[in-house]
Every structure is written in C-alpha cells, then in structure tokens.
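S.K.: Sharing a structure below in structure tokens format, with a few things to ask.
The values are calculated or read from the model by the stated rules, or taken from the named source; none is laboratory data. Only a predicted model underlies this, so the values are computations on that prediction, with no experimental measurement involved. Ideal geometry is used to build each Cβ from the backbone, glycine not excepted, and the neighbour counts take in all protein chains shown. With ligands, DNA and RNA removed, areas are computed over all heavy atoms of the protein, side chains included. Shrake-Rupley method; radii C 1.70, N 1.55, O 1.52, S 1.80 Å.
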Amino acid sequence: MTERPLLSMAAPKPGKAPVHFADMDEAARADAVVALGLPAFRAKQLATHYFAHLTTDADDMTDLPAASREATAAALFPPLMTEVRSLEADKGATRKTLWNLHDGVKVESVLMKYPERATLCVTSQAGCGMACPFCATGQMGLTRNLSSAEIIEQVRLAARQARDGGLGESVRLSNVVFMGMGEPLANYRAVINTVKTLVAPPPHGFGLSARHVTVSTVGLVTGIDRLAGEGIPVTLALSLHAPDDELRDELVPINTRWKVDEALDAAHRYFEATGRRVSIEYALIRDINDHAWRADLLGKKLKERGDGWVHVNPIPLNPTPGSKWTASDPAVEREFVETLRSHGIPTTIRDTRGSDIDGACGQLAVEEQNRPVGPAARLRREGPRIGNTGGGLGKETT
C-alpha cells in the first residue's frame, strides 16, 4: 500500500527563481533601471510594456534606446517558464497548460473562456503540502513555493493568449482564481504580492477588480485573518468538503489543526471585515461526504452564523486515474443541493471544465512526473537546458 503524503506547512527551499521585474514594487523597479545606467522614468515604460502590452520582447520596446533594449530586457525579464504541452477542451473554450519552470519543476494553469471574458485558474505552489487524499496535487507532496513573478507570469501569458485569440476569439482576461496547484495561504507573501499586482491600475499592474480575484484555502485560519486585514476585498473560497470533524480530519488533514467551526468562524470574520460574501467549496464524493444529513449539518452551521454572508458551491468530483474517489450520483447531488437551499443557503453546482483533458489540478504534472525520463526523452520534452534555466516563454492556463 502506497504511503500517503504527510501534511506539510513549510516548503523545501531549492534554488530560487531568477529575480524578475514582476517581483519588484514600483520603487525597486526604478532602482533596477538606474542600476542598468538608464533614467528612472524608463521603469514606467517597461511596466507599460509588461502589464499593458503584455510583452517582454525587446523588439517591441521601441520607446527605449535601441542600444540598451536587449540588455535591459535580458536583465529584468529572465525567462521563468516554458510550455511543455497544452490541451484543449470544451470546443476550444478551455485550455490547460503544463509548464516547465527554471529548475525543471512542472506546474499547471487553466484558461477558460466565457462570454466576452476569460478566467485563469492560477497555480501558487509546485505540488501541495495539504495532503488531501482525493486531490492529485495533494498526493504529489510539496516541492516548493512559486515566486510572485512565476505566478504573475502565468497571468500575463494568459491575458496575452486570451487577447490574441488563443481561445477562438479575442477576449479580455477579467478574472483570476487561485484554485490551481497548491495552498495559496501557505505561500502568503508571494500570493498577496500577486494580488496587489493584479488589482494595481496600469501601468503598475493589470487593473483587475478585486471582486474578480478569488483566493482559495483549505482553512488556514491565521492566513484567512491576515488576508482580511489587507484591505483588498478579494473573494475568499473555503474548501470545506465535510461539515463534521471526524470526516474532515481524513479528507482535509489541516482540520487536525483548525477544526470545521474554527475555519467557518474565520471565514465569517473575513466577510465582516471585507463585506465580500464567502464561497464554500464542497467536492461531492460518492458515498463519502454526499449524505443528506451532512448537507443538513452544513446548512445549520452556516445559518447559525447569519444570513447573506456565504454561498455554497458543490463541485462534482473530477476523479483522478486509479483513484477510489468518484463523483456523486446526480440524484444524490440534487438532494444535497436542495437540503442546503431548504436552510436558506444560496447553493449553485460549480460548472466543471476540462474533464476530458485531466481537468483536475495536478493530473498533467503527475503524469509527466511518472513518465520514464532518459536523456533523449528529456530533451524532446523540455528542449535543451542551459544551466538552471529552461528555454523561452509559452502560454498558460489552470
């Protein structure tokens, strides 16, 4: 029997990603430009190219002195990720990409088209230390945290792909959800720096509405409270998956540290601090957590904390290959939803995307990780590598 990964809050610390323009705040960008022998105002021009024009190509930077373009781009925009492969689903409306990072680590993102807009599901960690047994990423264990720039690059590349018709027509990337690989609040500093960059107005960020950014967590209570204090009203999504401690201890091991009621109390505090309705994510797993009595218990726990503060998203489980976990029967799913609604809890079945392309986060990375890799196979899949870095930049989605 294969041993389950252990719950882990701390990431191993292999070599860091190269420092990138997107890692820096406005003052640091100006300092970096001056260090290259250019006037500080060039930093704003570079920010416009990166966040508004979505480019790091020196040839596009025609407002910079020709003699310094290549060196400036090379110094401030080092390549961070290379596309390994990309799969399409939903008639081209969903695109999932597997990325190779600078140190050979693999991560995924998913880009989804909706009418007149696109949503990116972004990855914040390589693997995950939360060890949830029904989750492909959770079974990988935690390799490392992503840097702010590695997360932001996923957004830039997705925005460019959406703009340039990569989903069949040109659409604007308007929503970012931290629901890809990893536990976002376990990589707090990089995630909050990314959030600040997402909502910063151009040219210093992407100018997204905070209402269109969702940060998901399995229930790191201290992280939820810290996020509530940031003053940025992003949507909080709590991945609950069980309303009782006995089952949640098994399904979501962090529950052994912060119990169901503690996680729900923190979520309610977040609502009180921000005014943003919290989303409860609940993967419906056949004969495990989909019982009507559990829906009833969940409804009672949410209702006793007040009205109007929460919305429940039951999610049909996207099973991973070889897993014993599978989605609930549709009739059971309907009963679960109706039980919650009987308590006055707004409840909507989550739209699932990409089931025919290993849609659950981590599946492509697990598959790639488990492939036999000789030197020839590695060269075909990753291209030649120089030192610690992969080749150029590609596209993205989760």
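S.K.: Please enumerate the residues belonging to the stretch 215-247 that are surrounded by fewer than 20 Cβ atoms within 10 Å (Cβ to Cβ) and not hydrophobic (A, V, I, L, M, F, W, C).
M.R.: 222, 225, 226, 229, 230, 231, 233, 244, 245, 246
S.K.: Another question, if that's okay. Taking the stretch 303-327 as the search range and keeping residues that are modelled with pLDDT of 95 or more and part of a loop (DSSP other than H, G, I, E, B), which one is least open to solvent (accessible area, probe 1.4 Å)?
M.R.: 309
S.K.: Checking residue 117 against (1) touching a residue at least 60 places away in the same chain (Cβ under 8 Å); (2) open to solvent by 10 Å² or more (accessible area, probe 1.4 Å), which single condition isn't satisfied?
M.R.: The single condition residue 117 does not satisfy is (1).
S.K.: Do any residues in the stretch 95-109 that are basic (Lys, Arg) have Cβ atoms under 8 Å from those of residues that are open to solvent by 10 Å² or more (accessible area, probe 1.4 Å) and in a loop (DSSP other than H, G, I, E, B), where the two are at least six apart or on different chains, and which pairs are they?
M.R.: Partner pairs satisfying both residue conditions: 95/166; 95/395; 96/358; 96/359.
S.K.: Within the stretch 33-56, is there a residue that is on the phi > 0 side of the Ramachandran plot and more than 33 Å from the chain's Cα centre (by Cα)?
M.R.: Among the residues of the stretch 33-56, at least one is on the phi > 0 side of the Ramachandran plot and more than 33 Å from the chain's Cα centre (by Cα), which makes the answer yes.
S.K.: Right, another one. Restricted to the stretch 61-73, and to residues that are among the aliphatic types (A, V, I, L, M) and outside any helix (DSSP H, G or I), which residue is surrounded by the fewest Cβ atoms within 10 Å (Cβ to Cβ)? Step through it out loud before you land on a result.
M.R.: Keep residues of the stretch 61-73 that are among the aliphatic types (A, V, I, L, M), which gives 61, 64, 66-67, 71, 73.
Those left that are additionally outside any helix (DSSP H, G or I): 61, 64.
Values: 61: 23, 64: 19.
That would be 64.
S.K.: Right, something else. Looking at the structure I just gave you, is residue 225 without any contact (Cβ under 8 Å) to a residue 24 or more places away in the chain, acidic (Asp, Glu) and on the phi < 0 side of the Ramachandran plot?
M.R.: When the stated conditions are applied, residue 225 does not pass them.
S.K.: Could you give every pair whose Cβ atoms fall below 8 Å, whose first residue belongs to the stretch 190-210 and is closer than 14 Å to residue 175 by Cβ, and whose second residue is part of a loop (DSSP other than H, G, I, E, B) and open to solvent by 30 Å² or more (accessible area, probe 1.4 Å), counting only separations of at least 6 or pairs across chains?
M.R.: Once the first residue is closer than 14 Å to residue 175 by Cβ and sits in the stretch 190-210, its partners that are part of a loop (DSSP other than H, G, I, E, B) and open to solvent by 30 Å² or more (accessible area, probe 1.4 Å) give 195/230; 198/206; 199/206; 199/207; 199/209; 207/201; 210/233.
S.K.: Here is a further query. Just checking, which of 295, 273 is open to solvent by less than 40 Å² (accessible area, probe 1.4 Å) and either within 21 Å of residue 229 (Cβ to Cβ) or free of Cβ contacts under 8 Å to residues at least 60 places away in the same chain (or both)?
M.R.: After applying the criteria, what remains is 295.
S.K.: Looking at the structure I just gave you, is residue 254 open to solvent by 10 Å² or more (accessible area, probe 1.4 Å), of a type in the set (A, V, I, L, M, F, W, C) and either within 30 Å of residue 196 (Cα to Cα) or touching a residue at least 24 places away in the same chain (Cβ under 8 Å) (or both)?
M.R.: The answer is no for residue 254.
S.K.: Just wondering, is there one or more residues in the stretch 164-182 that are open to solvent by 10 Å² or more (accessible area, probe 1.4 Å) and assigned to a helix (DSSP H, G or I)?
M.R.: Checked against the condition, which is being open to solvent by 10 Å² or more (accessible area, probe 1.4 Å) and assigned to a helix (DSSP H, G or I), the stretch 164-182 yields no hits at all.
S.K.: Can you spot a residue in the stretch 74-84 that is among the small types (Gly, Ala, Ser) and at pLDDT 95 or above?
M.R.: Checked the stretch 74-84: at least one residue is among the small types (Gly, Ala, Ser) and at pLDDT 95 or above.
S.K.: Counting just the residues of the stretch 74-101 that are open to solvent by 10 Å² or more (accessible area, probe 1.4 Å) and part of a loop (DSSP other than H, G, I, E, B), which one comes out nearest to residue 154 (Cα to Cα)?
M.R.: 79
S.K.: Follow-up. For the stretch 276-292, give me each residue that is in contact with a helix residue (DSSP H, G or I) (Cβ under 9 Å, 6 or more places away or on another chain), surrounded by 18 or more Cβ atoms within 10 Å (Cβ to Cβ) and within 16 Å of residue 325 (Cβ to Cβ).
M.R.: The answer is 282, 283, 284, 285, 288, 289, 290.
S.K.: Now, a different point. Can you report the number of residues in the stretch 39-93 which are of a type in the set (Gly, Ala, Ser) and touching a His at 6+ places or on another chain (Cβ under 6 Å)?
M.R.: Within the stretch 39-93, residues that are of a type in the set (Gly, Ala, Ser) and touching a His at 6+ places or on another chain (Cβ under 6 Å) number 1.
S.K.: Spot the failing condition for residue 64; the list is (1) farther than 19 Å from residue 169 by Cα; (2) touching a residue at least 40 places away in the same chain (Cβ under 8 Å), and only one is missed.
M.R.: (2)
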